[in-house]
Amino acid sequence: MKQQGWVDIGRVTHPDTPGPYTWWSYRGQAFDTDAGWRIDYHLATPKLAAKASNYKVHRAASYDTRWTDHSPVVVDYQI
């Protein structure tokens with residue numbers, strides 16, 4: 001995808017961090033220890049990526065309050 005020109009908005013907005021994580025296994029205490037994976041992405045063309053103004057992973061407050069093993073990823077664009 002990178003070779004085709006797509007831009008990973010999460011990496012642009014968080015270049016020096018291993019996350020932000022969007023998925024945690026139900027096994028063990030992966031959510032509680034933030035041992036997650038970054039498997040949900042927002043990809044954009046370079047022109048649209050330049051207009052990204054905010055990127056947020058909506059992580060549940062606790063293991064018991066999450067609805068799924070994924071967290072929603074939302075990007076705001078100034079168009």
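Please treat every number below as a calculation from the coordinates, not as lab data. The shown structure was predicted, so the numbers you read here are calculated from the model rather than taken from an experiment.
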Using a Cα-Cα cut-off of under 16 Å, which aspartates and glutamates could be cross-linked to Lys51, ignoring same-chain neighbours fewer than 8 residues away? Asp8, Asp76
Please give the length that would be gained between Tyr63 and Ala35 if that part of the chain were fully extended, namely 0.36 nm times their separation in residues minus their C-alpha to C-alpha distance (nm, one decimal). 8.8 nm
So what J values fall out for the range 64-79 if you push phi through Karplus, 6.51 cos²θ - 1.76 cosθ + 1.60 with θ = phi - 60°, rounded to Hz, Gly and Pro as x? 5, 9, 7, 8, 8, 7, 10, 10, x, 10, 10, 10, 9, 10, 8, 9
If I build a Gaussian network model for the chain, linking alpha-carbon pairs within less than 10 angstrom, which residue out of Gly28, Gly19, Gly36 has the largest mean-square fluctuation? Gly28
Range of Cα positions in the chain per principal axis (Å), largest first: 41, 25, 20
